[in-house]
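Okay, so here's the structure we're looking at.
The values are calculated or read from the model by the stated rules, or taken from the named source; none is laboratory data. Treat the numbers as computed from the prediction; the structure is a model and nothing was measured. Here the Cβ positions follow ideal geometry from the backbone for every residue, glycine too, while neighbour counts run over all protein chains shown.
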Amino acid sequence: MNFEAVKAIYLFEMARTWRTLLQSIVSPVVSTSLYFVVFGAAIGSRITQVEGVSYGTFIVPGLVMLSVLTQSITNASFGIYFPKFIGTIYEILSAPVSYFEIVLGYVGAAATKSIILGLIILATAGLFVPLHIQHPVWMLAFLVMTAVTFSLFGFIVGIWADGFEKLQMIPLLIITPLTFLGGSFYSISMLPPGWQTIALFNPVVYLISGFRWSFYEIADVSVSVSIGMTLGFLAICMLLVWWIFRTGYRLKN
C-alpha cells in the first residue's frame with residue numbers, strides 16, 4: 001500500500017474543500033436550515049407528531065441524508081472528472097499508484113467531506129429542534145456507510161460523465177427526487193397501501209429508515225434490511241469501479 005500516494009490525493013481533495021468553503025459547507029447548511037424553517041412552520045403546525053415524534057424532529061434524519069447523499073455524489077464526481085477534463089488523470093494513471101489507492105484517495109476525501117457536512121447539519125438542527133439519538137454508534141455507522149457508498153457512486157458518475165452538465169444530471173434528476181420520495185419528510189406508512197409497495201423499490205427508503213431508527217427507534221423497514229440494502233449497493237459500486245479500471249472505460253480513450 002502506497003500510503004504517501006493516498007495521502008497526497010486525499011489532502012489535495014480536502015484542500016479544495018477549504019478553498020471553496022462557502023460552496024462546500026456553508027451553502028448546504030443554509031439550504032438545510034431553510035428546510036427546517038419552512039417545513040417546521042408550514043407543515044409542523046398542521047402535523048404535530050409522526051409516530052410519537054414531533055414533526056420538526058422527525059424530519060431531521062431525512063434532511064441529513066438528503067445533504068449527505070447529494071454532496072457525496074457531487075464531491076466524488078467532480079473530484080475525478082476535473083482531472084479527466086484537464087488531462088492530469090493520465091499522470092495519475094501512469095504513476096506507481098494502484099487503482100485501489102486512487103479510489104481510496106478520491107472516495108475517502110469525498111466521504112470525509114460529506115460526513116463533516118452531515119455532522120454540522122446535525123448540530124445545526126439541534127438549534128431548531130430537540131434531538132435525542134438513541135443509538136449514536138449506529139447513527140455514525142449509517143452516516144459513514146451512506147457517505148462511502150454514494151461517494152463510490154459519485155466516482156462512477158464522474159468517470160461516466162463527458163461534460164459538466166452530466167455531473168449535475170444524476171443528483172438533480174435522480175437522487176434528489178428519490179430522496180424526497182424516500183420518506184425524508186414523512187413516514188411511508190402514511191401513504192396508501194399501493195404507494196407503500198412502490199416506495200419499497202426506492203433504495204433511499206432503506207437508508208433514511210435505518211438512519212431514523214438510530215435516532216428514535218422507529219423505522220419504515222427492518223433495520224437489518226436497511227443495513228443489507230446499503231451494503232449490497234456498496235458491493236455493486238465496488239464491482240463497477242473494479243470493472244472500470246479493468247477495462248479502462250472512459251479513462252484510457
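Is there a residue being over 27 Å from MET229 (Cα atoms) and surrounded by 15 or more Cβ atoms within 10 Å (Cβ to Cβ) anywhere in segment 96-116? Don't jump to the end; show me each part of the working.
Of all residues in segment 96-116, those over 27 Å from MET229 (Cα atoms) come to 96-98.
When the remaining residues are screened for being surrounded by 15 or more Cβ atoms within 10 Å (Cβ to Cβ), the result is 97.
Yes, segment 96-116 contains at least one residue that is over 27 Å from MET229 (Cα atoms) and surrounded by 15 or more Cβ atoms within 10 Å (Cβ to Cβ).
In segment 99-122, what count of residues is obtained for those that are β-branched (Val, Ile, Thr) and touching a Ser or Thr at 6+ places or on another chain (Cβ under 6 Å)?
Residues of segment 99-122 β-branched (Val, Ile, Thr): 102-103, 107, 112, 115-116, 120-121.
Checking which are touching a Ser or Thr at 6+ places or on another chain (Cβ under 6 Å) leaves us with 107, 121.
Total meeting the criteria: 2.
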When segment 77-124 is examined, which residues are found to be in contact with a Phe, Trp or Tyr (Cβ under 7 Å, 6 or more places away or on another chain) and within 13 Å of PHE12 (Cα to Cα)? GLY79, ILE80, GLY105, TYR106, VAL107, GLY108, ALA109
Reported set for segment 168-182 where residues are over 15 Å from the mean Cα position of the chain (by Cα) and crowded, with 16+ Cβ neighbours inside 10 Å is LEU181
Of the residues in segment 143-158, those that are out of contact with any Leu (no Cβ under 6 Å at 6 or more places or on another chain) and crowded, with 21+ Cβ neighbours inside 10 Å come to LEU143, ALA147, VAL148, SER151, LEU152, PHE153, GLY154, PHE155, VAL157, GLY158
Here are some conditions: (1) buried (at least 17 other Cβ atoms within 10 Å of the Cβ); (2) touching a residue at least 40 places away in the same chain (Cβ under 8 Å). ASN202 meets all but one. Which one does it not meet? (2)
Search result, residues across segment 214-253 that are within 22 Å of TRP160 (Cα to Cα) and of a type in the set (Phe, Trp, Tyr): PHE233, TRP242, TRP243, PHE245, TYR249
Residue among LEU172, LEU178 that alone is part of a helix (DSSP H, G or I), among the aliphatic types (A, V, I, L, M), without any contact (Cβ under 8 Å) to a residue 12 or more places away in the chain and farther than 17 Å from ILE115 by Cβ: LEU172
Tell me which of these ALA219 doesn't satisfy, since it passes every other one: (1) modelled with pLDDT of 90 or more; (2) in contact with a Lys or Arg (Cβ under 8 Å, 6 or more places away or on another chain). (1)
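How about segment 121-169: which of its residues are outside any helix (DSSP H, G or I) and either closer than 21 Å to LEU231 by Cα or touching a residue at least 24 places away in the same chain (Cβ under 8 Å) (or both)? Please lay out each step first, then the result.
To start, the set of residues in segment 121-169 that are outside any helix (DSSP H, G or I) comprises 126-135, 161-163.
PHE128, VAL129, PRO130, LEU131, HIS132, ILE133, GLN134, HIS135, ALA161, ASP162 - these are the residues of segment 121-169 that are outside any helix (DSSP H, G or I) and either closer than 21 Å to LEU231 by Cα or touching a residue at least 24 places away in the same chain (Cβ under 8 Å) (or both).
Identify, please: which residue in segment 145-167 is among the β-branched types (Val, Ile, Thr) and over 25 Å from PHE215 (Cβ atoms) and is, among those, farthest from the chain's Cα centre (by Cα)? Explain how you work it out, then say what you get.
Start the filter on segment 145-167 by keeping residues that are among the β-branched types (Val, Ile, Thr), which leaves 146, 148-149, 156-157, 159.
Cutting the leftovers down to over 25 Å from PHE215 (Cβ atoms) gives us 156-157, 159.
Details: ILE156: 14, VAL157: 14, ILE159: 18 Å.
Checking each candidate, the answer is ILE159.
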Residue match in segment 71-91 (condition: modelled with pLDDT under 85 and surrounded by 18 or more Cβ atoms within 10 Å (Cβ to Cβ)): yes
